[in-house]
Every structure is written in structure tokens, then in C-alpha cells.
1. Given +1 on the Cβ of Lys and Arg, -1 on the Cβ of Asp and Glu, and no further charges, what dipole in debye does the protein assembly as shown carry about its Cα centre, rounded to the nearest 20?
2. Can you tell me the order of B:317-329, B:89-101 when each peptide is scored by its average per-residue count of other Cβ atoms within 10 angstrom, highest first?
3. Rg and Dmax of segment B:1-160 over Cα atoms: what are they, in angstrom?
4. Which of the lysines could be linked to B:K272 by a straight reach, that is with a Cα gap under 19 Å, when you skip same-chain ones fewer than 8 residues away?
5. If I model a spin label at A:Q46 and B:F113 as a point 7 Å from the Cα along the Cα→Cβ vector, what separation in nanometres do I get?
6. How long is the gain from B:V434 to B:R392 if the chain were fully straight, where each residue apart is worth 0.36 nm and the alpha carbon distance is subtracted?
7. Which value, to two decimals, describes the C-alpha radius of gyration of segment B:427-527 once divided by 2.2 N^0.38 Å?
8. For B:S562, B:S86, what ranking results if the residue with the fewest other Cβ atoms within 10 Å of its Cβ goes first?
Amino acid sequence: MRRALFILPLLLFLVLAGYFTLALRPGRNPQELPSALIDKEAPAFQLPGLNGDGIARDALRGQPVLINFFASWCLPCHEEHPLLMRLAEQEHVPLYGIDYKHKPEAARSLLQEFGDPYRGIGVDKDGRVGLDFGVYGVPETYVLDSSGHIRKRFVGPLTTEKVSRELLPLLKALQRS
Amino acid sequence: MIAELGHFALILALCVSLVQAVVPLAGAARGNLPWMAVGRNAALVQFALVALAMAALMHAYVTSDFSVINVAENSHTDKPLLYKISGVWGNHEGSMVLWVFMLGVCSAALALFSGNLPPDLRARVLSVQGMIAAGFLLFILLTSNPFLRSWPPVLNGRGLNPVLQDPGLAFHPPFLYLGYVGFSVGFAFAVAALIEGKVDAAWARWVRPWTLASWCFLTIGIAMGSWWAYYTLGWGGWWFWDPVENASFMPWLVGTALIHSSIVVEKRDTMKSWTILLAIITFSLSLVGTFLVRSGVLTSVHAFATDPSRGTFILLLLLLAIGGSLTLYAVRAPALKGGGLFAPISREGALVLNNLILSCGCATVFLGTLYPLFLDAVGGPKLSVGFPFFNRTFVPLMVPMIVAVGIGPLLSWKRGDLLGALQRVWVAYVAAAVAVLVAFYGTHGGPVLAVFGFGLAAWTGAAVVVEWADRIRLFRMPLADSMRRAIHLPRAAYGMTFAHFGLAVSIAGFSASAFDVEAIETVRAGGDLHVAGYTLHLADVRRLPGPNYIADDATVEIKRDSETIAVVHPERRFFPLQQQTTSDTAIRTNLLSDLYIALGEGDQSGNWTMRAYWKPLVPWIWIGAVIMAFGGVVSLSDRRWRVGAAMRARRSLPVMQPAAE
């Protein structure tokens, strides 16, 4: 019995090594994270606004929209910010933001400096909505179709490539249907 | 030619390290002294060869030899000399060369200063060092050779990532690597002890200084990284729980546990198999960190070029090093005899608590960091864990340990008197209560956690001072006698006092971040920004040329009550080569608080975004870390390390035995 205790570290390490091996398997891309909620209805939410009106799922129905979870402490969010600005200004993408678990003042100053690409921003102070969506890190971006179903999830900062290859074509397709 | 010389030196170093790995070990097994003696010379030759390779790579960088692919990809002729040199380790291949160079430094030091070690222990330790070196040299030569050429050479290089062109970051990796790699010595000693089946106080005396020295380097390395993030990223943050940061923090946590548990082995001859396990885990976590950072299995803001073949290779190394040592542990550790018994409430008990909490803390960080990986492997959603997770799990876990830091040193070995100890630190309760009240008053019932943090910091700081006063019997005997005691107190005791006090200082610094004041506005030249009672007057913004960048240099006058107290120059630097902008913040500190000013973007009409923070006590975070490392250095200078580890100190000092620490 006492001996078993001494084998435990080795066993734990072997399990870990198994996970590492799986992580290295070809074709795995740590950047790409599908959502368990794909093609399901987005969780209902109703959030107070950062500046003015709040946002709610049911009010967003009727057209495909993008929901972007962000936080001011998150470096990758700063990284994707210029791209979001471009999406909003040049592509007129209906982009909504959810300020995830952070001080609204900090979010405000972020937007003040870098510009506000969002049509509306909800404050998810305790992270409840994030939890419902399955958000664990920011930034994450969800594409909702006009019936409020989640069609795609982007984890991590959006890149020009992801936007031109996946996001914009999907939005166009959703807008046509 | 010189690059080829470096390449050749690396190949030779690999051959020598194989000799170093095999011959002394076989010698120790057969009791063949000449074979055992090979270890020393092999380690020295191997170090010389790796140093040659390092020098060759540095030469290629300093002379901007762009026919070497690695230099072309990471350097540029316009780069200042300091960054040409630091560019050597600003990339994957070069940083691996630095890694084996540091390992060579450790092996050589071990070879030189281990003359009084039993020859078979010495041979085995050097052999394990040789195995580690062989693994990493093979890794460099097969997957990450920095000496590859391309012909014809490019006209100029691609330059170093601008955010890395900073004096703080130039020295951050060498310190960090010395820390990581230094833990290999403890690992080698652990493996050697398992092979021999013998762990005693003399063994602990050897392991402890090495672990302590590595721990000091790692402490400084982590603090430098955090400080760098603070002043260059322009957001005033100093820790982001990023996988790469966590990779350096985990060995630090377990290493801290190790330097405490090795005291118990040394003084009380118990907790042996646990200490061995910690020594193995500490270095293993350094290796796992290397794997996580270089293989690209996790997403991180720190970019290292990743390559799956490298990941596979490091994984193999992990399996051999960690799997091998843990197998040895499973087979041999049960035979290690425990020594002295102790009651739960005793110095040993407090150190066990410290070990348990630090290990749990490390496990928490580990789970948080690897969570995405675990979930992904079982087909769950891919995700990552951020700030909130760590703040809610790791921080509360550390609270009981910080409380124990105040009490533990006052308990005696074997069986302590908790009540007596609690009574002796009454000053600390008063200090904690006052700190809480002051913080509470200052914030009018603001952030509860921060107020609590101040209480903890004051508690620990006061208890440390009380413990010191207790030792020298301050106010209980004539002052002259107390002073005499203070002078004769062992350095190790002072080391502990400093290290624990440093921890208290850092905790105060962490807690104070809840009281940061932030101001951000668009300002025109001649305009003002107000923050925390200061007026920041933007006098003008000028465009100045730098060596490899163009700077928008702001002149900001800091005023208080309309009197100018300082003029500072925050800058925005544009690096045309990389098309990247970095921010050079201006920080005005009085050691009690920082005034942090960053210049944001400007537009054609002369508006500038200016961001300013008033950050109370933030410098204490790094001051505390420096005090902690200083405590480690003081402890290292203790007499008992110099009198020779293989001998037990038999003389006891009249005033104090070095029993305390």
C-alpha cells in the first residue's frame, strides 16, 4: 500500500505525457476551438449597457450578428481591436460587445482610446453570460444567425485571414438566407 | 567559418557530454575511481565547448553575419549593440544555446567545487548532468541548429521584435534560465541519492545552496519579466497568468517548497523521500515549461516560432528525464528511512504546511494552464482559463500559508507551542489590525480583498520582525547584549528574515493594485490631464529619430499644486522595419507610488491620447522580490556552507546554533 504511493507520481506523469502526445497529434490546431453550442440556440441573456442601452438576445434576432466577448485586461483583445474597428467601419458588420468580468470604467477607457466598434455593449460583470456561452478566455467571437442560433465560434483574437476566409463569407451566406 | 566552428563545438560538446553521462556512472557502479574522475574533466571540457559555441553565435550576431539564417531572421545592422547581443537569446534556437550554456556553467561549477563530496556521489551527479546536457545538445543539433547558413546572404536582417528591444528584457532570459537550469543540480543530486539509496543531512547541505542560488536567480528573472511587462506594455499590468509566465512561476513555487523541505532533511533528518520528489518535480516543471513554450500546444501572447518536430523531441526528452527519474523514485524511494518524529504543531509541521500549500498552489496553476489541453484531448470544447480563475483559486489558497509564515519560525523543532508563539507575535496582530483599519479608512469600505491583503502583509512583516527581536532578546536584556546576539546570529537566520519580509513587502504591493487610479483622455499640446491630485501638462510632442525607430517624444510636466515637480518624456516608437509601434512609458516613482504615463496614438490635428495611472505601492512588488532574492543570497553566505558540506558542523556557537531558519 505504502509502495503504491511512491508509484503515484510516475502514473500521474504518464497520464500527463499521454495528454501531451495527444496535443501534438498532427492536424490539431490549438487556435481553433469549436463550440458545444454550435447550431443551437444562443443562451438567453439580458445585460445592462456600458454606455446607454443594454443588449438582450431576443432583441438581436432578425439579422445575423457578431457577439464579441472582450475585457480590458486581455492583451489579445487589444490585438484584435483594430480589426474589429475595420469590420464595423468598412464592412458594416453588426457587432455587439460583451464586457466580460471586468470594471466598466476600464472597458470605457479602452474604447475611448482605440475607438468603439460595437453597436451595443453589455456588461457581464459576474461572468454569468460568459459561463452560459462556454467562454473561458477572452477574446471570443460568436456568429449568431437571424433566428438567434450560434453558427460559429472564434476563440482568440480574430485575424485578417480568419475574417476574410471564414467570417465574412459566413456572414454573407447568412444574410442571403 | 566561425559559425561552422560553433557548430562543430556543439557536436564535440555532445560527444563529451555522452562520455560524461556514461563513464562516471559506470565507474561509480564498479567502484572504479579513475572512471569516476572522468566526470570532472568531461564537465569542464563540455562547458568550454558550449561556451565556444555561444561565443561563435554571439560573434555572428555582433558582426551581423547574415549568411547565418538565424542572424538574418532575428537581427539587423541598425540595431544597438546591446540588442544585437540580447538578440542571441531572443529567438528559439539561440535561447536553447543559452540554455545549454547555463547548464554548462552549472556543471562546471559543480565539477570545480565538489572536491569534498564522496567520489561516487560526485560521479553520479555529474553523470546525470551529462545526460541532461546530451539530451538538449541533441535537440539543438537535430531540430534547432542556429548555425545553418544560407547563400547568398540577405542584405539585411529582419530585426528583433521591437517589444524585446529593451534593457530589462535583455537580461531577463539569462536570469530565468540560470534559475531553471540550476534546478537541474538538485535533480541530479536527487537521482544520485536514489541510485545510492542514501539521503542524509550532508546530502541536504549540498542540495540546499544550489537550489537556493537557482531560486534567487529565478526570483529575479520572474520579477524582471513582470517589471518589463509593466513598463513596456503600456497598460500598467504586471502579471497576466499567461501560460509562459505560469511556466516560470510553477518551478518557482515548487522550488520554494524545496528550499524549505531541504531544511527539514538537514536539521531533522526526516521528510527525505518528499524532498527528493520535490527536487525531481522542480526541475521537471522547468522542462515541462520548456515543452509548453516551444511546442506550441498552448496559445500564448509570447510568440516563439513553433514546430511540431521540436515538440515531439522535447516530449521524448521529458519521457526519458521525468519518466526515468520517477520510475527510479517509485523503485528506490520506499527504502529511504525516515528520521526524527515530530508533532503536528512544530517547526517541521509548519514547514509541511508550507510544502502542502505551495504544492497545491502549483497544482492549481498547473491545472489552470493545462486545462485547455486536457479538455481538448477528451474532445471537450477548446478553451482557456484567464485571470478570474487564478484570482479565485490561487490567491485564497495562499492566504493560510502567508499566515503561517508569521508563526512557523517561532515554533520550535519537534514539538512547538502554538499558543506561546501566538502570544509572542501580539505586535503582529496590532500591526495587521492597524493596517486593515487604515486601508479601510482610505477606501471607505472599498475592495475587501485588498484591505485583507494589507492586513496579511502587515501581519507577516511584523511577525518577521518580532521573530528577529525574539532571537536577539531585544528589550529583555541589555541592548549591548542584544546587539551582540544580533551580530552573531547565523546568516541563514537573517536570510530567512529578509526573504519573509520581502514576501510581506510584495504582498502589500499586490494588494495595493486595487487602489489604482486611472485617467485617460485625448489631450492637445498645451492641455492637461488630471490624475490623483497631479496635473500632467502636455507641453509638446516632438518627432525624434532613434537608432532603428522614429519616436514621438512627449514632454510632460508633472505638477502638484501648480508647482512643477518633474518633467518626463513618454514616447511612442515606430519601428519601420517591423511596421510595429511600441510604447516607452514614463514612470515617476517615489518608491511609495508610481505615476505612470503612457502616450497613446495621435491624429493629424495634434490630439494625443494620454493615459496615466497613479499606482500606490506598486514598486513594492519588485522591491519585495529583490529583498526575497537578497535573503537567499544572505542565507547562501552562511558559514555552514563554507565549512564544507561533507563534514557535519560539530562545534556549536555559544550564542546560537544555526538551528533556526
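1. Details: 67 positive and 57 negative charges, 728 e Å.
Charge dipole, the protein assembly as shown, about its Cα centre: 3500 debye, nearest 20.
2. On the way: B:317-329: 19.1, B:89-101: 23.2.
Packing order, densest peptide first, comes out as B:89-101, B:317-329.
3. Gyration radius and largest Cα-Cα distance of segment B:1-160: 17.5, 58 Å.
4. Leaving aside lysines fewer than 8 places away in the same chain, those within reach of B:K272 are B:K198, B:K337, B:K414.
5. The modelled label-to-label distance comes out at 6.8 nm.
6. Details: separation 42, 0.36 × 42 = 15.12 nm, distance 2.60 nm.
Working it through step by step, the gained length comes to 12.5 nm.
7. Numbers: Rg = 19.2 Å, N = 101, 2.2 N^0.38 = 12.7 Å.
Normalised Cα radius of gyration, segment B:427-527: 1.51.
8. Numbers: B:S562 7, B:S86 24.
In order of increasing Cβ crowding within 10 Å: B:S562, B:S86.
Just so you know, all these numbers are worked out from the coordinates, no wet-lab data involved. Nothing here was measured: the structure is a model prediction, and the numbers come from that model. Please note: Cβ atoms are built from the backbone with ideal geometry, for glycine as well, and neighbour counts cover all protein chains shown.
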